[in-house]
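Just below is one structure, and these are the notes that go with it.
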Amino acid sequence: MPAKILVVDDEKAIADLVRICLENENYTVETCANGRDALASIENGPPDLAILDVMLPDIDGFTLCQKIREAHLFPILMLTARVEDMDKIMGLTLGADDYITKPFNPLELTARVKTQLRRCQKYDAAARPAPAAPQEYEVRGLHIQLAAHRCTLYGRELSLTPLEFSILWYLCSRQGQVVPSEELFEAVWQEKYYDSNNTVMAHIARLREKMGEGGRKPKFIKTVWGVGYTIEA
């Protein structure tokens, strides 16, 4: 979905120029000629970025920026004919993210908008909490719980060694995928795998025995010859 940009400027020629520049970059653009309409628009649905003129007919852009910052964190770019450093400092202090003066180069304006949107997306992704890792799996009657370090098969508890439990947990966490022997070994043993290493095969055999599975047609841990092992989803 294209980013939504709110442009607040009472000079129609400037607002139209900014709108055309941004629409050429496939952004969705809404224009307002005063602060009151801008606040109403934001209330109906905040944009991804706002461009505010400082000189507005009702409230100045600094005050509008301050009001927006009371409830919203989307990037704000100040657009004004003022060039004094104190005006720039005031805008940034009140919550603006960038400042560009009139007359402006449309390419520079577009570049600054893109930069602010990328930065916002990057920070949002960094601040977004990672999904909680599963603490248990249920696979057709096989139930394994990480915190309790407990595994049952059709209600019967399996007595597994820590290595056997780790192998089964790793395979369950990747159910439906074929896990190569070297990946399984390095994930569980935390050591480098060597071609002649038969450790994984031996532990898989013991696991199957404890699960009451024959080696020919196992229901759970299946061998994909020449590749590795899988637990089908």
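The values are calculated or read from the model by the stated rules, or taken from the named source; none is laboratory data. In this text the structure is predicted, and so the values were computed from the model without any measurement. All Cβ positions, even for glycine, are placed from backbone atoms using ideal geometry, and neighbour counts span all protein chains on display. When the accessible area is computed, the model is the full protein with side chains, heavy atoms only, and any ligands, DNA or RNA have been set aside. Shrake-Rupley method; radii C 1.70, N 1.55, O 1.52, S 1.80 Å.
For the stretch 141-163, give me each residue that is under 19 Å from residue 222 (Cα atoms), touching a helix residue (DSSP H, G or I) at 6+ places or on another chain (Cβ under 8 Å) and at pLDDT 90 or above.
142, 144, 151, 158
Of the residues that make up the stretch 117-135, is at least one open to solvent by 70 Å² or more (accessible area, probe 1.4 Å) and modelled with pLDDT of 90 or more?
Checked the stretch 117-135: at least one residue is open to solvent by 70 Å² or more (accessible area, probe 1.4 Å) and modelled with pLDDT of 90 or more.
What residue, of 176, 155, 141, 212, is on the phi > 0 side of the Ramachandran plot and within 29 Å of the chain's Cα centre (by Cα)?
Selected residue: 176, the only one of 176, 155, 141, 212 that is on the phi > 0 side of the Ramachandran plot and within 29 Å of the chain's Cα centre (by Cα).
Out of the helices (runs of 4 or more DSSP H) lying entirely within the stretch 1-113, which hold 2 or more residues that are in contact with a strand residue (DSSP E or B) (Cβ under 9 Å, 6 or more places away or on another chain) and either open to solvent by less than 10 Å² (accessible area, probe 1.4 Å) or modelled with pLDDT of 95 or more (or both)?
The qualifying helices (runs of 4 or more DSSP H) are 12-23, 35-44, 61-69.
Going residue by residue through the stretch 178-200, is there one that turns out to be surrounded by 11 or more Cβ atoms within 10 Å (Cβ to Cβ), among the small types (Gly, Ala, Ser) and in contact with a Gly (Cβ under 9 Å, 6 or more places away or on another chain)?
yes
Considering only the stretch 164-178, how many residues are in contact with a Ser or Thr (Cβ under 9 Å, 6 or more places away or on another chain) and among the aliphatic types (A, V, I, L, M)?
Summing the residues that are in contact with a Ser or Thr (Cβ under 9 Å, 6 or more places away or on another chain) and among the aliphatic types (A, V, I, L, M) in the stretch 164-178 gives 2.
If only one of 166, 181 is hydroxyl-bearing (Ser, Thr, Tyr) and modelled with pLDDT under 90, which one is it?
Criteria check complete, one pass: 181.
In contact (Cβ under 8 Å) with a residue 40 or more places away in the chain and more than 26 Å from the chain's Cα centre (by Cα): which single residue out of 56, 6, 92, 22 fits that description?
When all the criteria are applied, what remains is 56.
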